[in-house]
1. Give me the number: length gained by fully extending Val176 to Asp25, i.e. 0.36 nm times residue separation minus the C-alpha to C-alpha distance, one decimal in nm.
2. When a/c reaches 1.5 or more, the comparison of a/b and b/c decides; with that in mind, is the stretch 11-82 rounded, prolate or oblate per its Cα gyration tensor?
3. Give me the percent relative contact order of the chain, please, defined on Cα pairs under 8 angstrom at least 6 residues apart.
4. Rounded if a/c is under 1.5, else prolate if a/b is larger than b/c, else oblate: which is the stretch 32-164, with a ≥ b ≥ c the root eigenvalues of its Cα gyration tensor?
5. Between rounded, prolate and oblate, where does the stretch 187-234 land on the alpha carbon gyration tensor, with a ≥ b ≥ c its root eigenvalues, rounded for a/c under 1.5, else prolate if a/b exceeds b/c?
6. Given a 1.4 angstrom probe, I'd like the percentage of the accessible area of the chain that is carbon and sulfur, rounded to a whole number.
7. May I ask you to compute the full-extension gain from Ser120 to Leu36, defined as 0.36 nm times their residue separation minus their alpha-carbon distance, rounded to one decimal in nm?
8. What does the net charge come to around Ala136 if you take all other residues with beta carbon closer than 12 Å to its beta carbon, with K and R at +1 and D and E at -1?
Amino acid sequence: GGREYGLLADQVDAGPLFSVLALSDRIDPGLRRWLLTAHPGAALRDVVVAGRRGGALHASGRIDTLAFAPIGNAPGLSGLAGRFEGDAQGVHFVFDPARPMRFDWPAGFGAAHVVRLRGSVDGWREGAGWRVGTTALHVAGGDFGAHLRGGLWFQGDGTRPWIDLAAELDDTGVLVAKGFWIRHLMPSGAIHWLDGALVAGRVERGRALVSGDLDDWPFNAHNGRFQADAHIAD
């Protein structure tokens, strides 16, 4: 209490804190609904928070696991782990590559993907919202991998974010693509044909770039860019 405050904790179960936050009328109603239905939870260690009311703030610690459930068309995840450090204007997060993360998007991919993340992401205030990005992040699944750079700008006005993201894919089998159809947006006939028609092959030197306001997706009025290039073998 008072002008200065601090928190030191060897271990914190943040699940109840998310539940209490959902009761507050000071946060966005959409976020409140998500907190109530997605049941987010986190286990934290070595937490240090120190600050002055209306002034500087510093926080650091380790997330042993972060999880939330998929809701509607939105994905869920579990097992996210790493270290964080930040203040009121931004945060730096380094993933723990030894801890697998499960990404579950029933409406989209259908099947869950377990991946390991190597690298870091940063988030910082920009305008009325937040920008989240990375200069180098490697995503490794059981039979696929990708190097990512770029990020998303959540503009804070209730619209979809602006995206600037580039990906370089590790060489992989064509059949891996069957786990990445966006099923709630693609025609069911196209999915059925692709699942039956693709039987063998490799994708080599795959690269993808997407840039623009996702309110304008799929950028068919020259108001953004989406480009994918790869070499298909056998």
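The values are calculated or read from the model by the stated rules, or taken from the named source; none is laboratory data. Just so it is clear, the structure is predicted and the values come from calculations on it, not from any experiment. No Cβ is skipped: glycine too gets one built from the backbone with ideal geometry, and neighbour counts run over all protein chains shown. Please note that ligands, DNA and RNA were not included when accessible areas were found on the heavy atoms of the full protein model with its side chains. Shrake-Rupley method; radii C 1.70, N 1.55, O 1.52, S 1.80 Å.
1. Result: 49.9 nm gained on full extension.
2. Oblate.
3. In percent, rounded to a whole number, it is 11.
4. Rounded.
5. It comes out oblate by the Cα gyration axes.
6. Values: 8450 of 14220 Å².
The nonpolar share, carbon plus sulfur, comes to 59 percent.
7. Here the segment from Ser120 to Leu36 would lengthen by 27.4 nm.
8. Neighbourhood net charge equals 0.
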